[in-house]
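Novice: I'd like to ask you about the structure that follows.
Derivation of every value follows stated rules applied to the coordinates shown; laboratory data play no part. None of these values were measured; they are calculated from a predicted model. With ideal geometry, Cβ positions are generated from the backbone for all residues, glycine too; neighbour counts draw on all protein chains shown.
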């Protein structure tokens, strides 16, 4: 089976992955903006941002 | 005779999925990533994400996620690799199939083809008889076709006589199909037995491509994939849209198909296509010697079937002796007398019957478990990847529901009352594969939580996680996206969406079966109708309809509340749960559409 046909048959997975990636990014941006407005500071971007400065 | 499926006679089955080492490596790499990311996500869920203000909601959801993740581990093990048994030349004589120890009785192989029937149309069975008679073999062997008629019909006997095949019946229906097969075994003597249902129509190649496996004297049975040749093919999107909306619709439909590939409306409305089950799930259990028998389309070594019978007989006698021993011990308060035990064994031997197939709704799985359990003989089960027969699919939601309920109830009944996962004799791989089957039916419990979770948030603004912020998506999204990609490569060549949503949407049947088994109700044996039943079946899908309506109503409520500014709703939470709810609605809608499905005039013939 060639790659094109394989991807065609698996398109529902590709579509779902794309929706998750796009919708997830949008929701994260919205929620982080809302949090910033509430608290007045930027939310942590990653786990390392949460660590004390001495451990970074 | 004019059957609806006459027009599908020319259809040919798909070839087995080709095995590609590259695709398998990609799948295995992605699968490992998926499990690692899943473990990371779940660890965070349990330790750092729970909404402590709403544990009533957070705890059930995280437990459901954990159960689903465990199922994902089992599914990954199941799909890990393809390891087909090598096809071998068809044997001619018994000495080629029994190993060195039992080659004294050397003669041409004999095969009995059993066609079990109860109330199916005699002309439908005639088609199966004719195809069974047309089975070819490269050597002169003895092949006999037998009609096993539990309906005791003179008309069926007449058809058997007209076709020149043997007619077998009995004066009762004890044990239903298993009893029917036992009765036929007592009256026949072939070295191998082919089990067919009334609508199973073997291809001419069935024996020449499967008997070669029995050159290995440890092979007990070979299961061939089921293939439903009557599945509705549906209509191309561009044609469907053209019919509904004219030239513009056709152009839009054509454009969508150019981007996403061919899309068919109304194709396989009941998601009956068993290719995922046979060509992926069962086939990859060959690696663990854990493929199980599914009844129709299977070829059995008579010696193995009789082995199962003797084992069950011996177990029943031993059990009876144990019972007697405990009764006697209670009465006399001392060690049971050996003579009393011998008497109990003798009495049990008189009372018990030799039963090749256990009288159970899932007699085929039971038979496989008993074979796999034997540590001395080490029987093997083979899933042959090529389709060797054609069958009819359930043609309406009632027939479909009966069939699924039997599968679910039978499997769960074994899990709760004769659990092979903890029984002696099985290898670790076999235990895990049986657990995979049972866990998939238990999945209805956590699927229900996943279906209700967005409704709870949308109605109450209570989130199961502390917040829908980057922390959550950092962990959830990589896991979910890699899972989609991994499953795509793990089932490469098969469209997985319908299978996934059908599994999700059939939760009421599995829950019903689970409830029946927990209450120790007997799973009944209704024969799956082979012809189309009239009517619509919305009453069968009320749970799915209720969930669809509930999710939509909850979304409208949450959107209004967010707009008016009451509750703790956030736009991000609304979008995330709205999309989750939309995914659930689309999944449920498959079953609702199936309940309303009617064949087109062309499909109805």
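Novice: Let me confirm one metric for peptide B:491-504, namely the mean number of other chain beta-carbon atoms within 10 Å of its residues' beta-carbons.
Specialist: Counting Cβ atoms of other protein chains within 10 Å of each residue's Cβ and averaging gives 3.
Novice: Please report the equivalent ellipsoid semi-axes of segment B:107-216, computed as sqrt(5 x eigenvalue) of the Cα gyration tensor, largest first, in whole Å.
Specialist: 23, 16, 12
Novice: Please determine, in degrees from 0 to 90 and to the nearest 10, the orientation of helix B:428-460 with respect to the longest principal axis defined by the Cα atoms of chain B, where the helix direction is its Cα long axis.
Specialist: Between the helix axis and the principal axis of chain B, the angle is about 30 degrees.
Novice: Continuing with the same structure: If you project the alpha carbons of segment B:369-484 onto the principal axes, what extent comes out on each, in Å, largest first?
Specialist: 58, 38, 32
Novice: For a quick check: sort B:240, B:563 by the number of other beta carbons within 10 angstrom, fewest at the front.
Specialist: Ranking B:240, B:563 by Cβ neighbours within 10 Å, fewest first, gives B:563, B:240.
Novice: Arrange B:5, B:192 by Cβ neighbour counts within 10 Å, fewest through most, would you?
Specialist: Ascending number of Cβ neighbours within 10 Å: B:5, B:192.
Novice: Between segment B:132-157 and segment B:438-460, how many Å separate their Cα centres?
Specialist: 48
Novice: Take the Cα atoms of chain B, build their convex hull, and give its volume per residue in Å³.
Specialist: 199
Novice: Kindly provide the helix-only [θ] at 222 nm of chain B, computed as the sum of -39,500 (n - 2.57) over DSSP H runs of four or more divided by all residues, to the nearest 500 deg cm²/dmol?
Specialist: -17500 deg cm²/dmol
Novice: Please give the helix B:571-596 orientation as an angle from the longest Cα principal axis of chain B, in degrees from 0 to 90, rounded to the nearest 10.
Specialist: Taking Cα atoms only, the helix is inclined about 40 degrees.
Novice: Is segment B:184-304 rounded, prolate or oblate when judged by the Cα gyration tensor, a ≥ b ≥ c being the square roots of its eigenvalues, rounded requiring a/c under 1.5 and prolate requiring a/b larger than b/c?
Specialist: Prolate shape, in that a/c is at least 1.5 and a/b is the bigger ratio.
Novice: Give me B:500, B:81 ranked fewest to most by other Cβ atoms within 10 Å of their Cβ, as a rough exposure proxy.
Specialist: Ordered from fewest to most neighbouring Cβ atoms within 10 Å, B:500, B:81 come out as B:81, B:500.
Novice: Follow-up. So how compact is segment B:235-292: Cα radius of gyration and Dmax in angstrom?
Specialist: Reported Rg and Dmax, both Å: 18.0, 55.
Novice: Tell me, what are the semi-axes, in whole angstrom and largest first, of the equivalent ellipsoid of segment B:415-457 as set by the roots of 5 times the Cα gyration tensor eigenvalues?
Specialist: Three semi-axes, in Å: 31, 10, 6.
Novice: Determine the shielding of peptide B:252-263 by partner chains: average, over its residues, the number of Cβ atoms on other chains within 10 angstrom of each Cβ.
Specialist: Counting Cβ atoms of other protein chains within 10 Å of each residue's Cβ and averaging gives 1.
Novice: Helix B:542-564 sits at what angle to the longest principal axis of chain B, using alpha carbons and giving 0 to 90 degrees rounded to 10?
Specialist: It is inclined by approximately 10 degrees.
Novice: Quote the relative contact order of chain B in percent (integer), defining contacts as alpha-carbon pairs under 8 Å separated by 6+ residues.
Specialist: Relative contact order, chain B: 20 percent.
Novice: So what does the Cα-only Debye profile of the protein assembly as shown read at q = 0.05 Å⁻¹, as log10 I(q)/I(0), no solvent term?
Specialist: So the normalised log intensities are -0.28.
Novice: Another question, then. Using alpha carbon centroids, what distance separates segment B:258-320 and segment B:169-224, in Å?
Specialist: 14
Novice: Looking only at other chains, what is the average number of their beta-carbon atoms within 10 angstrom of each beta-carbon in B:568-577?
Specialist: 4
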